[in-house]
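Contents: one structure, followed by commentary.
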Amino acid sequence: MPVISGLLSLTHVQNRGVAFGLLAGISPILMILAALTLVVLLSYNKGRRTWSRTTGVGFALMAGGAAGNLLDRIRFGFVVDYVDVHVWPVFNFADAAIVIGAGLVLLVLMRSGPGADSEVGA
């Protein structure tokens, strides 16, 4: 369904892959193990560095987006994607939150420079 002709449409896609439909044949157990690995890594690094508010927002966006997609996958067996900008694979707002969150974290890490131990960015 076109929203802005040629620029933006609402397109229903059942994404059975991971990101942007990639790795569609991956087993649910492997996805769960990957998610658990991420949780362990974040928990392991907690307290080793003081993070800025921007970094916290970035991690929150990534976690919220991942949780939204996980809920879709549990409820439907796939992730519902619907935002179609015609120059990128169809995605949803959870995907956008993950990408924006990762961008914020990378931006802060790049601005902090190597070896920075104190709070960075804000």
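If R₀ is 30 angstrom, what is the calculated FRET efficiency for the pair Ile74 and Arg53, using the beta carbon separation as r and rounding to 0.05?
Computed FRET efficiency for Ile74 and Arg53: 0.45.
May I ask you to evaluate 6.51 cos²θ - 1.76 cosθ + 1.60, the Karplus curve with θ = phi - 60°, for each residue of the range 64-74 and list the ³J(HN,Hα) values in order in whole Hz, giving x for glycine and proline?
Listing the rounded values in order: x, x, 5, 5, x, 5, 5, 4, 4, 5, 5 Hz.
Going by C-beta contacts inside 10 Å, put Trp88, Trp51 in order with the fewest on the left.
On the way: Trp88 10, Trp51 18.
Going from least to most buried by this count: Trp88, Trp51.
Values in this text are rule-based calculations from the coordinates and carry no lab data. Keep in mind that what you see is a predicted model, and the values were worked out from it rather than measured. Note: ideal-geometry Cβ built from the backbone for every residue, glycine included; neighbour counts use all protein chains shown.
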